[in-house]
1. Going by the conditions given, is residue 19 at negative phi, assigned to a helix (DSSP H, G or I) and surrounded by 12 or more Cβ atoms within 10 Å (Cβ to Cβ)?
2. Check off (1) without any contact (Cβ under 8 Å) to a residue 40 or more places away in the chain; (2) surrounded by 10 or more Cβ atoms within 10 Å (Cβ to Cβ) for residue 3 and give me the number that stays unchecked.
3. Does residue 27 count as modelled with pLDDT under 80 and part of a helix (DSSP H, G or I)?
4. Does region 27-48 hold any residues that are surrounded by 10 or more Cβ atoms within 10 Å (Cβ to Cβ) and either over 12 Å from the mean Cα position of the chain (by Cα) or of a type in the set (D, E, K, R) (or both), and which are they?
5. Name the pairs whose Cβ atoms lie under 9 Å apart, with the first residue in region 24-35 and free of Cβ contacts under 8 Å to residues at least 24 places away in the same chain, the second among the small types (Gly, Ala, Ser), and 6 or more positions between them or separate chains?
Amino acid sequence: MWDLFRRYYPLVAAILLLAPLALGDPDLFILAMAAAIALVPCAYGPDVDEIAKRTFERDER
């Protein structure tokens, strides 16, 4: 499930941001931008944790 989310996050974020622009609603665009930014840690957070863990393991050797 998370792999699917990470794979398609850029596409979903683009659609989420372009839809309010197409409708001409700037307030909805700002809300969509905030939602897209808030979802970034959900999409890429586990990868960052894994990279940090590997880096610290390498430093301890």
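The values are calculated or read from the model by the stated rules, or taken from the named source; none is laboratory data. Since the structure is predicted, the reported quantities are computational estimates derived from the model, not experimental observations. Note: ideal-geometry Cβ built from the backbone for every residue, glycine included; neighbour counts use all protein chains shown.
1. yes
2. Just one mismatch for residue 3, condition (2).
3. Against the criterion (modelled with pLDDT under 80 and part of a helix (DSSP H, G or I)), residue 27 does not qualify.
4. Start the filter on region 27-48 by keeping residues that are surrounded by 10 or more Cβ atoms within 10 Å (Cβ to Cβ), which leaves 28-37, 39-48.
Hits for region 27-48 are 28, 29, 30, 31, 32, 47, 48.
5. Taking only residues 6 or more apart or on different chains, the pairs are 28/19; 29/19; 32/13; 32/19; 35/13.
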